[in-house]
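Following: one structure in structure tokens, then a few remarks.
The values are calculated or read from the model by the stated rules, or taken from the named source; none is laboratory data. The structure presented is a predicted model; accordingly, all values stated were derived computationally and were not measured. Here the Cβ is made from the backbone with ideal geometry for all residues, glycine too, and neighbour counts use every protein chain on show. What goes into the accessible areas is simple: the full protein's heavy atoms, side chains included, and nothing from ligands, DNA or RNA. Shrake-Rupley method; radii C 1.70, N 1.55, O 1.52, S 1.80 Å.
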Amino acid sequence: MTDVREVSCRPSGRHVLLFLAALSAAGAGAALVRAAYRGPDGWLGGGLLLGLLGLAALHKATARVRADTYGVHSWTLLRRRSVRWGDLADLRVRLKYANTPRVQDTRGISLLLRDGRKLLLPLPRSWSYDDPDFDAKLDAFRALHRLHGTPESDHVPVVSYRTAGRGWAGSLALCLLLLGGAGLAAWFVPSAASGERAWRSATPCTAGTPAADRDECLTTLTAVIARTDATWSRSKSSWLYFVDGRPMDRLAVSSDGAKMFEPGDSVELTVWRGEVREVVGERHVYRLHVPASGELAVVAAVCLLAAGHPAARVLLHLRGRRLPDDEVLPSALPFAGALVGTALWLLPLAYLHPTTLLTDPAAITWAATGSTATLAFFVYAWRATRVRTPGEIDATTGVTGVTGVTGEAGGFAEKETDEMETRETETDAECDVFLAARFLEHTDYNPYGFGTHIVLGGGPLAVTPHPGPGRFAAKPVPVERLVVKGVRRVRGSDSDTVPSGWHMAELDDAGTPVRLAAAPDDLTRILRELASGPLRRESRASRSRRGGTRR
């Protein structure tokens, strides 16, 4: 598409959007006129909502993007922007994942400027991975950029929630919000504990108790239940109604509390600090739930632990800040596991020792032991989420790395033929080894992406749809056709089913690009097997020739 001169993008269904905007404006105007003559009512709120919907429809209807020889120009309802090709570093695809299965993911085009700023174009938009119109517009944008500018990357970077270029302001805001909730809950723990102690030590009021002190003692009132109103929803209060409205008209209780009593039951109400705390009948006793200090401490601990997950995402983003924006960051699941392990000891401790954490010897020992375990959990999570570049593998694999791989797979196996012959007998005697790996493209040995594992060891390299045992449904990999072009980390343009900690080998299959994904150590082992394949066949052929000569 080097002959592209201009690309223009307009929203689909523009006339429908304009009609909706006009209709919403008419509805909002009618609501305002009604409010002016009859006063504010519910129609005014509906009119304001229609006004907002109309503005949103008008914003989408008036959006327009054009790319020409001078740069990229975008128009919206409130703003106009123009970016010259010389100021544009790269064109990227911004992938926004939907939170519901019925809503498809959204693709858009993002501009990366030379000064580091990022601009998301209002158009084009796509709600499908297979959208020829969006792909054609993207190719036209890139062709114009190559013709009039200097792109930084030779591929289409895809930025999503998994990649290093994602925003982390939302995670930081959520972390701060949860930390604020934890601090607020912890603030009320001492007062709740003081209230619990006062309730336990409260005694019934006597005739000589001064009126000013009657809130701190227990006052008993008699009443007769007129009727009960038990709701099925736990989010709504149930009610106990009293005869003649004495000592009160009604009392809010839980659904189970309302079911304990029947109309005509005589009950005693225990009042403390102006609130009914107990309802005592002939058969049942209902105590109104008041948040205890242990419960508030548990809420504070839960908020603190919940804040750890967005904090871990921010940490991973800062840790991978030097990675390209389209490379996938490690998953935060190891940190989530460490937080779950911490919750196993922290929540019981917070409930049983909300205020004696620093004074009770048992609580101190408990906290010290749990903190040691938490430290071990987080050290493991830190190591598990480290960014491993291609070639950085464990020393136990015995391979020095695959960084900078270019050329054929034989470059991985600079071994002497005699050494290969010596190892051939041992390899054939070994059992099959199944490694989790995936070819991402549809090929004759991986039809429709059916393979989930690669088997090696006791036979030729093959793709299987299962982790073994046995080579059932295995399809041999044509090693002689594959050429290794390079090894890299997973990018946002790769399949979402590929774990973030895997690496990607870019292969050439007789002129067709093929991607192979696996864990770093497993990928190195597979590539070493690919490299040794031709040498193994030559070794077998030479042994056959020598054997025929001896016979």
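With the structure loaded, tell me whether ASP249 is among the acidic types (Asp, Glu) and either farther than 26 Å from PRO204 by Cβ or in contact with a His (Cβ under 7 Å, 6 or more places away or on another chain) (or both) or whether it fails that test. It is false that ASP249 is among the acidic types (Asp, Glu) and either farther than 26 Å from PRO204 by Cβ or in contact with a His (Cβ under 7 Å, 6 or more places away or on another chain) (or both). Residue check: GLU152 meets all listed conditions (1) farther than 30 Å from THR355 by Cα; (2) outside any loop (DSSP other than H, G, I, E, B); (3) touching a residue at least 12 places away in the same chain (Cβ under 8 Å); (4) open to solvent by 50 Å² or more (accessible area, probe 1.4 Å) but one, namely (2). Of the residues making up region 105-122, those that are within 16 Å of TRP75 (Cβ to Cβ) and open to solvent by 20 Å² or more (accessible area, probe 1.4 Å) are LEU119, LEU120, PRO122.
Which residues, taken from region 155-184, are assigned to a helix (DSSP H, G or I) and open to solvent by less than 80 Å² (accessible area, probe 1.4 Å)?
Passing the criteria: ALA169, GLY170, SER171, LEU172, ALA173, CYS175, LEU178, LEU179, GLY180, GLY181, ALA182, GLY183.
Checked against (1) more than 33 Å from the chain's Cα centre (by Cα); (2) touching a residue at least 12 places away in the same chain (Cβ under 8 Å), THR76 passes all but condition (1). For the structure I just gave you, tell me whether ASP444 is at pLDDT 50 or above, over 32 Å from the mean Cα position of the chain (by Cα) and open to solvent by 40 Å² or more (accessible area, probe 1.4 Å). In short, yes. Selection over region 464-515 of residues that are closer than 19 Å to GLU529 by Cβ and β-branched (Val, Ile, Thr) gives a count of 7. Taken over region 451-499, the criterion of being hydroxyl-bearing (Ser, Thr, Tyr) and over 26 Å from the mean Cα position of the chain (by Cα) is satisfied by THR464 alone.
Right, ARG423: out of contact with any strand residue (DSSP E or B) (no Cβ under 9 Å at 6 or more places or on another chain), of a type in the set (D, E, K, R) and either open to solvent by 100 Å² or more (accessible area, probe 1.4 Å) or modelled with pLDDT of 50 or more (or both) or not?
Taking the combined requirement at face value, the residue satisfies it.
Would you point out the residue of region 471-488, among those that are in a loop (DSSP other than H, G, I, E, B), of a type outside the set (A, V, I, L, M) and in contact (Cβ under 8 Å) with a residue 12 or more places away in the chain, that is nearest to ASP444 (Cα to Cα)? Before the answer, list the steps.
Of all residues in region 471-488, those in a loop (DSSP other than H, G, I, E, B) come to 471-474, 477-478.
Still in the list and also of a type outside the set (A, V, I, L, M): 471-472, 478.
So of that shortlist, the ones also in contact (Cβ under 8 Å) with a residue 12 or more places away in the chain come out as 471, 478.
Numbers: ARG471: 17, PRO478: 10 Å.
The residue in question is PRO478.
Reported count of residues in region 331-355, each being touching a helix residue (DSSP H, G or I) at 6+ places or on another chain (Cβ under 6 Å) and within 20 Å of GLY294 (Cβ to Cβ), is 11.
Of the candidates ARG64, ARG34, ARG38, the single residue that is of a type in the set (D, E, K, R), exposed (fewer than 15 other Cβ atoms within 10 Å of the Cβ) and without any contact (Cβ under 8 Å) to a residue 60 or more places away in the chain is ARG38. Scanning region 234-243 for residues that are touching a residue at least 12 places away in the same chain (Cβ under 8 Å) and surrounded by fewer than 14 Cβ atoms within 10 Å (Cβ to Cβ) turns up ARG234, VAL243. Taken residue by residue, region 187-198 has at least one member that is in a helix (DSSP H, G or I), open to solvent by less than 30 Å² (accessible area, probe 1.4 Å) and more than 30 Å from ALA307 (Cα to Cα).
Among the residues of region 484-499, the ones that are surrounded by 19 or more Cβ atoms within 10 Å (Cβ to Cβ) and either more than 15 Å from PRO330 (Cα to Cα) or among the acidic types (Asp, Glu) (or both) come to 3 in all. Among the residues here, TRP43 qualifies as open to solvent by 20 Å² or more (accessible area, probe 1.4 Å), of a type outside the set (Ser, Thr, Tyr) and within 20 Å of GLY29 (Cβ to Cβ).
Of the residues making up region 347-369, those that are surrounded by 15 or more Cβ atoms within 10 Å (Cβ to Cβ) and more than 23 Å from SER194 (Cβ to Cβ) number 1. Of the strands (runs of 3 or more DSSP E) that lie entirely inside region 247-313, those containing 1 or more residues that are open to solvent by less than 40 Å² (accessible area, probe 1.4 Å), under 16 Å from THR222 (Cβ atoms) and free of Cβ contacts under 8 Å to residues at least 12 places away in the same chain span 275-280.
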